[in-house]
Every structure is written in structure tokens, then in C-alpha cells.
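Take a look at the structure set out below.
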Amino acid sequence: MILLHVDPARVDPRALEQAARVLRQGGLVAFPTETVYGLGAHALDPDAVQRIYHAKGRPGYNPLIVHVADAAAARALVADFPAQAERLAEAFWPGPLTLVLPKHDSIPDSVTAGLPTVALRVPAHPVAQALLRAAGIPVAAPSANRSTEVSPTTAQHVVRSLGERVDVIVDGGPCPVGIESTVLSLAGPRPTLLRPGTISVDDLRAVIGDVALPSVEPAADAARPSPGMLDRHYAPRGIVRIVPPSQRARMLAAAAAEVDGRRRIGGLMMMPVDDPRIAPVVRMPRHPAEYASRLYAALHELDDAGCDVILIDEPPGASAWAGVRDRLRRAATEAPSSSPEAGARP
Ligand code: TXA
Ligand code: MG
């Protein structure tokens, strides 16, 4: 594995030529976007795409996002780019918005998991932009972590999760947005939000009017509009417990009483924790964008500290917090194989 350092403030396109060549030749390149690090491969090369699924241990029914440098390149990959897509691209690209549209025949089935649609994104990060332009091909890229784990927001997170499974890791520093892009489907009768992110549903409605929301808690066996909405995702190794404000005193006291020589209970808190038995505690900002930007690094930190349980102050319900709330809800979902007993470690 080759680790390349690129300063996002002064990107030298020549520094990315090697990574671009690896992509064109079918290899795997992890690179920074403004949301999280992506694990990229040539989107029109089925063997290259297969390597992504293999490296991540990702189920084949979860489709990938295709990254391109601009809206013109996106138009070439779809059967139809409707007026709503034009308006959204104008408003939010490059940026943390992914659009699901009817796919062009050139997109392999492995990218879309057999769906007739493709997810497209134009990242704003200067390193991602330079890499996509140097490569000159569409790049399929999920988050650069093993399936179900916490997404990477630094190159070190990628090294630890995927290491030698990747040919090149481009280190462009920490990702400023910090949670994955908002995913919006324009392939059905109504524009439908498939995954909340820092571009909120109110932001989308301001541009195209109507946007439908997915049901908040899909039944386990319900057909999902986005196959990748697996319940457990973005999950640290420790058990996550969300702490509503009304139950905070009781839950903190109960958790502190569980601490002994073997169990470590940490926190990701917006308010102070007075009990020293709960440690380490990462203090989180009260602004949703700042919170998102730090979320995954904080979860990685608490995992690295060996926390068996992670207490997380429940964020406010306002729409600006929807992306953060979604990731926390999934992080708190226990693995299917784990004991149903509350607090059991998977
Ligand atoms: O910010 C991001 O979106 C990051 C960076 C690397 O771009 N990528 C990312 O990819 O989060 P991934 O694979 O972790 O998540 C892709 C999401 C999944 O929920 C997947 O199911 C959905 O997009 N998706 C992809 N193609 C789709 C399609 N054709 N129809 C519906 N959902 C789709
Ligand atoms: Mg992911």
C-alpha cells in the first residue's frame, strides 16, 4: 500500500497522477471527500468494482455511489437528467448531495446492485476534484471502512480499517463535513430522501419544493427504497446508549455503578459529566455542523480507548440535526448476532 500526502490548500495535480493511473488500471484508491474518505475504483470496470466489495466485506446488494468531477460528467451516466436534477446540481454541486437517477447502460450491474438506477455525486473536496480530473473516469466509492464499522474521516482511520487491502491511500487531512452525503432519489414519482445528511430536507425543498421522507423506522422485513439502509451501520465496537435529557441523571448514575475493573464506560456528551467513573468523555459541540464534523473521530477515539459502552447525549430534534440523529440511531443498533440482553457486547 502506498500512502500519498497531499495538502488540500495547495493541490499539485502531478502528485495525484500515480493514484489516477492506479484507478484507470483497475486498482483501489482511498481518497478524501468533504464528507468521509471514499474507497474508489473504476466505475465502468466490473472487476475493479468487485474489489471494493471484497475489500470492505460489503454485501453485494448494497449499491455504490459514482463520483464525477462535474454535472456534465454526471449527465453522461444517466438515461435522464430531469429539470429537478439540474436545479439541485446548480444549487449543491460540487457538494455533499448524492442524486439517484435512472442509469445509463454503461454502468455495470455490480455498481448498482442490479438496480435500474445509479447514485451520483460531485464532491467539493479539492483533492477529490483533482483526482477525478486526473483519472478522467467515473469513480465508484463507498466509505473507506470495513462494512458496518464507523466511517473514516482521516487517512489514519482508513489505514487501520483497510490497510493493505488498498493500493493507494491519499491523505488529504481530516474531512470537514464529517458525515456522509445526503442521498435523494429522483427516480420515482416523488423526490424522496433516502439518507439524511448536512444538506437538510428544508434545503432541498427550498430548491425543488416537494420532497418525501422515508418512514423513520422501517420494519425489519420491509422492502427498502435504498438497499444500503442496513439497520446496523456506522457502529463502534462498544454498545451505544442514547441518553434522552429527561433520563440523563438516572442513566448516568446507573452506568457509573456498572463500572468495575473490567468494564469501561465512556461518553460523547454535549453537557458535562461529573462522575469520574465515566471516562473518557468527549465533549461535543452544540452546533449540528460542528457536531457532525467531529462525530466519527470521537467514536473512533472511544473505540480506541476500549469503551464497552458509549453514552451519547441525545441531540435536539430540529431538522438540521437529522443527519446526526440518523447516524447515532444506527450506531446504537445492535448487531443481529448479539444477545438480545440489553448492554451485551456483540
Ligand atoms: O458521502 C458519501 O456519500 C460517501 C463519500 C465517499 O462519497 N460515500 C458513501 O457511500 O457514504 P456508501 O456506500 O457508504 O453509501 C452509499 C449509500 C447507501 O446507503 C446505498 O444504499 C445508497 O447510497 N445507494 C447507492 N446507490 C443507490 C441506488 N441506485 N438507489 C438507492 N440507493 C443507493
Ligand atoms: Mg458506508
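Summary of values
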quantity	calculated
Area accessible to solvent at Phe81, 1.4 Å probe radius, in Å²	30 Å²
For the range 40-97, radius of gyration divided by Kirkwood radius, i.e. Rg to Rh on alpha-carbons	1.04
Tyr53 - accessible surface, heavy atoms, 1.4 Å probe, Å² rounded to 10	10 Å²
The chain - percent relative contact order, Cα under 8 Å, separation 6 or more	19 percent
Amide H within-cut-off set for His104, under 5 Å, with H built and near neighbours excluded	Val78, Ala79
Neighbour-limited loop hits for trypsin sites (Lys or Arg not before Pro), the range 1-106 (at most 15 other Cβ within 10 Å; DSSP other than H, G, I, E, B)	Arg10
Whole-Hz couplings from phi, Karplus 6.51/-1.76/1.60, listed for the range 152-158; x for Gly and Pro	x, 10, 9, 5, 5, 4, 5
Relative contact order of the range 239-331, pairs being alpha-carbon contacts under 8 Å that are 6 or more residues apart, as %	38 percent
Solvent-accessible area of Leu44 with every protein chain in place, 1.4 Å probe, in Å² to the nearest 10	70 Å²
Angle between the chain longest axis and helix 46-56 axis [Cα atoms, degrees, rounded to 10]	10 degrees
³J(HN,Hα), Karplus 6.51/-1.76/1.60, whole Hz, each residue of the range 167-173, x for Gly, Pro	7, 9, 10, 8, 8, x, x
Antiparallel %, DSSP beta bridges [both residues in the chain], to 5	40 percent
Long-range HN-HN contacts of Ile169 with modeled amide H, under 5 Å	Ile2, Leu3, Leu4, Ala30
Helix axis angle, 288-304 relative to the chain longest principal axis, alpha carbon, degrees	70 degrees
List Ile65, Ile265, ordered by accessible area with a 1.4 Å probe, largest first	Ile65, Ile265
Per-residue ³J(HN,Hα) for the range 117-127, Karplus 6.51 cos²θ - 1.76 cosθ + 1.60, θ = phi - 60°, Hz, x for Gly and Pro	10, 10, 8, 10, 8, 10, x, 8, 4, x, 6
More than 20 Å apart - percent of Cα-Cα pairs taken over the range 2-208	52 percent
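The values are calculated or read from the model by the stated rules, or taken from the named source; none is laboratory data. Source: prediction; values computed, not measured. Note that we place each Cβ from the backbone using ideal geometry, even for glycine, and neighbour counts take in every protein chain shown. What goes into the accessible areas is simple: the full protein's heavy atoms, side chains included, and nothing from ligands, DNA or RNA. Shrake-Rupley method; radii C 1.70, N 1.55, O 1.52, S 1.80 Å.
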